[in-house]
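Laboratory data are not the source of any read-out in this text; all were calculated from the coordinates shown. What you are looking at is a predicted structure, and each value in this text was computed from that prediction instead of being measured. Here Cβ is always computed from backbone atoms with ideal geometry, including for glycine, and neighbour counts include all displayed protein chains.
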Amino acid sequence: MRVTMIGAGYVGLVSGACFADFGHHVTCVDKDARKVAALNRGEVPIFEPGLAELVDANVRQQRLQFAVDTAAVNDAEAVFIAVGTPSRRGDGHADLSFVYDAVREIAPLLAATAVVVTKSTVPVGTGDEIERILREKRPDADIQVVSNPEFLREGAAIQDFKHPDRIVIGTADAGARAVLAEVYRPLYLNAPPMFYVSRRTAELIKYAANAFLATKISFINEVADLCEQVGADVNEVARGIGMDNRIGGKFLHAGPGFGGSCFPKDTSALLKTAQDHGVPLRIVEAVAAVNDQRKRAMSRKVVAALDGSVRGKTIAVLGLTFKPNTDDTRDSPAIPLITALEDLGAKVRAYDPAGMEQAKPHLPGVQYCGNAYDAAEGAHAVVIATEWEQFRALDLGRLRSAMAQPVIVDLRNVYRADEMRRAQFRYVAVGRPGVD
Ligand code: UDX
């Protein structure tokens with residue numbers, strides 16, 4: 001099949017490369033000429049495990065190409081819109097200007113029968129507006145607008161794309177359903193459920209899924225706070241409740257709060273949609289508020305571990321990205337943590353395997369280091385802010401001898417208290433007993 005992807009950002013690039021890998025002929029269109037030129041040279045501008053190899057292989061097989069102009073839409077059987085929908089400055093609504101600009105641009109070029117599919121995360125009703133624009137610009141054509149949300153995690157996006165739990169197809173039109181079924185047919189063979197629903201339902205499924213996952217995280221984070229007060233262990237509480245199939249064990253890791261490009265933005269956009277329709281979503285409101293407060297509260301944990309003051313002390317922060325296996329620092333809990341520590345008079349040294357360049361503009365005062373041990377040099381405490389694999393098995397003896405005093409604040413619960421006791425660290429974790 002011929003597929004066009006509008007937008008070669010994170011979602012567009014991963015989806016485009018995977019569709020090409022299925023055997024479709026894919027053109028990814030992006031306005032950024034430098035990005036397009038780099039991609040055509042095989043240079044992938046984002047950090048995602050396996051993506052560069054996938055792009056390279058499919059470009060070589062001539063199933064994947066990149067272009068600045070939208071001409072390719074004209075013979076595409078499916079045109080996917082995968083442009084950004086950032087939070088609109090000031091009000092938290094999703095900014096849909098990139099989506100509508102793309103629709104206006106492709107409208108005159110679309111074939112007389114075409115299927116336009118939104119992959120971008122868009123509020124309920126956006127598909128209706130896209131349809132209105134297309135009808136107005138192309139009264140001659142029979143164009144179907146479908147919602148097909150993505151559920152890709154950064155760092156595991158290719159795996160998620162190729163082994164989805166479900167594929168949500170939002171349209172009532174039988175012809176459009178058949179086109180989408182054909183696009184995803186190679187996946188079908190592994191039998192992931194294709195879930196056909198109305199367009200508005202599909203749009204809402206995406207937001208409800210992210211809001212629910214965020215709810216699990218804020219829930220377990222509050223339970224972690226309670227565990228600290230009553231002397232329980234949140235990891236065991238999470239396992240104990242997760243063994244109940246109705247609850248499920250995933251997304252119950254207590255930590256410094258969720259970040260990234262999706263959960264904060266999507267919970268806020270869902271709240272705006274709910275307000276616009278006069279429906280309070282009080283649980284989601286609480287989830288967002290708990291998460292915001294939590295990020296700030298993490299600095300207090302570090303202060304407490306250092307007997308009430310960080311002034312004049314050196315803190316080593318390991319991990320700046322919002323989670324491992326990404327270079328993305330958007331809404332990362334490490335950033336407000338470090339800013340707060342600096343405000344309280346600490347000097348911060350930091351190391352991250354991939355996110356230091358992205359962090360620099362937000363954290364100009366930090367001393368960036370070459371590895372974890374270098375960051376720990378002269379530090380009064382090491383704070384583990386992101387659970388990168390390489391921070392899970394640090395040489396504790398080496399770490400300790402680099403530090404001014406042996407204190408570890410483990411905001412991702414990657415270590416056990418008994419190993420910290422043996423290595424003679426003061427150890428503070430999240431929702432679990434530590435070592436004094
Ligand atoms: C998420 C969704 O998982 C994905 O389906 C959606 O399409 C986009 O948003 P992503 O933002 O890449 O993906 O990361 P995810 O792995 O979901 O983690 C989000 C944040 O939650 C991270 O900051 C992570 O550290 C935090 N988290 C996750 C927890 O604190 N505890 C958990 O148990 C799980």
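General remarks:
- Here D69 and R104 are evaluated by their C-beta separation; at R0 = 22 Å the FRET efficiency comes out at 0.90.
- Pairwise centroid distance, computed over Cα atoms, of the range 97-170 with the range 1-68, Å: 18 Å
- Unsatisfied cross-links (Cα-Cα over 31 Å) in the set K35/K301; K206/K295; K301/K360: K35/K301
- Full extension of the chain between A174 and E389 gives 72.8 nm of extra length, using 0.36 nm per residue less the Cα-Cα distance.
- Low-density loop positions, trypsin sites (Lys or Arg not before Pro), the range 335-427 - DSSP coil, at most 16 other Cβ in 10 Å: R392, R416
- Cα-based reach from K265 at 13 Å (exclusive), listing aspartates and glutamates while leaving out same-chain residues under 8 positions away: D91, D95, E285, D292, D331
- CD proxy at 222 nm, helix term only [per DSSP H run n ≥ 4: -39500 (n - 2.57); per residue of the chain; nearest 500]: -12500 deg cm²/dmol
- Note on the chain: Rg/Rh from Cα positions, Kirkwood definition for Rh, rounded to two decimals, is 1.01.
- Amide hydrogen neighbours beyond the local backbone of M403, cut-off 5 Å, H modeled: G378
- Loop-located trypsin sites (Lys or Arg not before Pro) in the range 150-235 (DSSP state not H, G, I, E or B) with no more than 15 neighbouring Cβ atoms inside 10 Å: R153, R166.
- Degrees separating the helix 126-137 axis from the principal Cα axis of the chain, which is the longest one: 30 degrees
- Partners of K162 within straight-line reach, counting lysines whose Cα lies under 17 Å from its Cα and excluding those fewer than 8 residues away in the same chain: K119.
- Antiparallel DSSP beta bridges within the chain, as percent of all bridges there, nearest 5: 5 percent
- Local net charge near Q367, Cβ-Cβ under 10 Å (Lys/Arg +1, Asp/Glu -1): 0
- Residues S120, S97 arranged by fewest to most Cβ contacts within 10 Å: S97, S120
- Taking Lys and Arg as +1 and Asp and Glu as -1, the other residues whose beta-carbon sits under 10 Å from that of L152 total -2.
- Cβ-based net charge around D410, under 12 Å, with every Lys or Arg adding one and every Asp or Glu removing one: +4
- Phi angles across the range 316-322 convert, under the Karplus curve 6.51 cos²θ - 1.76 cosθ + 1.60 with θ = phi - 60°, into 3J(HN,Hα) values of 9, 10, 9, x, 10, 6, 6 Hz, Gly and Pro given as x.
- When the chain is treated as a GNM with alpha-carbon contacts under 10 Å, the residue of H24, H253, H277 showing the greatest mean-square fluctuation is H277.
- As a calculated quantity, the FRET efficiency between D225 and E43 at R0 = 51 Å, using C-beta atoms, amounts to about 0.70.
- Equivalent ellipsoid semi-axes - Cα gyration tensor, the range 2-197, angstrom: 23, 20, 18
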